[in-house]
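The values are calculated or read from the model by the stated rules, or taken from the named source; none is laboratory data. Given the structure is predicted, the values throughout are model-derived calculations rather than measurements. Glycine also receives a Cβ, built like all others from the backbone with ideal geometry; neighbour counts cover every protein chain displayed.
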Amino acid sequence: MIDKLNSPLVSVVIATYNGERFIREQLDSVLHQSYSNLEIIIVDDCSSDNTRAILDDYAEKYPQIKLFKNESNLGYQKNFEKGFLLATGDYVAPCDQDDIWLPTKIEVLLKNSNDYAIVYCDSAFIDKNGLSLGRKMSDIKGLTDFDDPIMFALGGSVAGHAMLIKRQLILDTLPFPDELMPHDYWLGFVATFNSKIKFINEALVLYRRHDKNIFGAIDKKNKQRETAAQRVKNARQRVFLLYQKVPRLFTRFQTSLSSAPSVL
């Protein structure tokens, strides 16, 4: 038996919305993690399908689940933000409602956490039926260690579903910017101010690709496309938000960011 000192509490935060299709598989994979000192924070954002009934059933059976139901719809970003604020663990692990975690995910990330603000892993793609698509996240993105915020200004990314985050970083990043950038991008950017982000080259998440993904949906035929002017405007706003967040000691970095909007 590992003592409490060597088994810190990990808060798994799940933001749900109309997730009846896959939520059972995800919850089962979290509940069967090899690392057991977990609290599971679930915040449901006014689901209109059978999600709430499923969550009620799991919360009744498993005491480590803490279920919260929003009275009004907050949206994806703010729902995760609420879940992070409710978490009490030393570490926080964001969790999407439609993936599957391999049993050793938390154990492996925690063993490699050291002094890193974020440690994250690779993910293997599966389809809506849970069948392998034969590709990993690292096949399409440059997953690596990060130690400089400029990497995120230039397009670096760390997927939230693959992260284990030190609690202090959550406090340093809130509130999340409204809709202009994903919360995991923001977390990664701020993490590099005082820490290196560590990549574990092992696929510990089965990342489900289907037509209802919030990000990376397969079917984009009905997605409204940004105009060129909107893209420029949004890019300028994102860069300005990054510039504002950088600590004053990064004066050279701030200077380079402050000039970036003029060339977009």
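Miscellaneous remarks
- Flag if Ser157 is under 14 Å from the mean Cα position of the chain (by Cα), crowded, with 21+ Cβ neighbours inside 10 Å and of a type in the set (S, T, N, Q): no
- Number of positions in region 25-73 that are under 23 Å from Pro8 (Cβ atoms), of a type outside the set (Val, Ile, Thr) and under 22 Å from the mean Cα position of the chain (by Cα): 16
- Of all residues in region 193-219 being aromatic (Phe, Trp, Tyr) and at pLDDT below 95, the one that is farthest from Phe125 (Cα to Cα): Phe193
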